[in-house]
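One structure is given below, encoded as structure tokens.
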Amino acid sequence: MFRMRGKIIKGIGGFYYVHAADGVIYECKAKGIFRREKIKPLVGDLVELEVIDASEKTGNISRILPRKSSLIRPAVANIDQALVVFAIVKPEPNFNLLDRFLIMMEGQKLPCVICFNKSDIASEKERADLQKAYETCGYRVLFISVREREGLEAVRSLLQGKTTTVAGPSGVGKSSLINYLYPQAAMETGEISRKIDRGKHTTRHSELFVLDSDTYIMDTPGFSSLQLFDMEKEKLRDYYPEFKAYEKRCRFRGCAHISEPDCGVKEAFAAGKISDVRYHNYKVLYEELKNRKKY
């Protein structure tokens, strides 16, 4: 028996599959101490394992190394960044959902890159509007076409040396993108339901795919709705970084940028300096948080 370190890439039915330092994937059980201490190993955990049978590639997880981060949805540890994929068209992007996702990732201190797929069937104006709306918030925006193989090497470069979760609504091309980056995944891509203009859910569990020795990607189940963290409505403005430059012009300290007079953010919005989509979503989410506190 010998020990080594590795990374959990999949957990199914009490078994954990660990990509170890020797490049081998071992099927492991977690030692009873984790259950007694109510610690559940997560996909993405860096672990120490004891190899029981090298030929059968089996072992036991003996230690979970300290986590630098962990997500609740999906339940995964040590993610370096999120790549959120939306289609520009077909299906039409739900920008409220996109903003919810960005807020959720920001709340967990996770850098986020926005990747708009199907750029080959979008107009130049559609691409320009999206770039202006989200790059001014400080997010990196990529435009790709998986079908036409456009922009995909820029994505590959962005992933290098990191563990990245790939997320977004169903039907936008997440699985197709992952199949391109990691053909061995052979993932079911699904088709858009014409009736509801929404993709079928094709991903059923969280799994890291090993692109190379230090590069991993994970596909997550397609989401159609996201609840924000239980934050105070007054905190929401902190998740809209484009507001910061104009808040110093607000008459009132702690201005909510909704109905107050002499509001620098509203003035910037009226002058076209803040995206219509972003400001509209801010107001919708603010009201949602405000009303939630009543119940």
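Could you name the lysines whose alpha carbon sits less than 21 Å from that of K283, not counting residues in the same chain fewer than 8 places away?
The reachable lysines, counting only those whose Cα sits under 21 Å from K283, are K132, K233, K235, K244, K248, K266, K273, K293, K294.
Write down the accessible area per residue of the chain in Å², having rolled a 1.4 Å probe over the full set of protein chains.
52 Å²
Ranked highest first by the average count of other Cβ atoms within 10 Å around their residues, in what order do 20-28, 246-254 fall? Display every interim value, and only then the final one.
On the way: 20-28: 16.1, 246-254: 12.3.
Those peptides, ordered most packed to least, come out 20-28, 246-254.
Ordered by packing density, taken as the mean number of other Cβ atoms within 10 Å over each peptide's residues, highest first, how do 161-172, 234-245, 112-123 rank?
Listed from highest to lowest mean packing, they are 161-172, 112-123, 234-245.
With unit charges on the beta carbon (Lys/Arg positive, Asp/Glu negative), name the residue among T164, L102, Q81 whose Cα is farthest towards the positive pole of the charge dipole of the chain.
L102
Considering only protein heavy atoms and a 1.4 Å probe, what is the carbon-and-sulfur percentage of the accessible area of the chain? Kindly include the intermediate steps, with their values, before the conclusion.
Values: 7560 of 15270 Å².
The value for the chain is 50 percent carbon and sulfur by accessible area.
Report the label-to-label distance for T136 and R35 in nanometres (one decimal), using points 7 Å from each Cα along the Cα→Cβ vector.
5.6 nm
Bin width 10 Å, origin at 0, all Cα-Cα pairs of the chain: what percent of pairs per bin?
Per 10 Å bin, starting at 0, the Cα pair percentages come out as 6, 25, 29, 22, 13, 4, 1, 0.
Among M231, M105, M218, whose mean-square fluctuation peaks in a Gaussian network model of the chain (Cα, cutoff 10 Å)?
Sorting by GNM fluctuation, first place goes to M231.
Which one, I12, V47, F243, is farthest towards the positive end of the dipole of the chain when Lys and Arg carry +1 and Asp and Glu -1 on their Cβ?
F243
The values are calculated or read from the model by the stated rules, or taken from the named source; none is laboratory data. The structure displayed is predicted, hence computed values, not measured ones. In this analysis, Cβ positions are derived from the backbone assuming ideal geometry, glycine residues included, and neighbour counts consider all displayed protein chains. Just the protein is used for accessible areas: all its heavy atoms, side chains included, with ligands, DNA and RNA removed. Shrake-Rupley method; radii C 1.70, N 1.55, O 1.52, S 1.80 Å.
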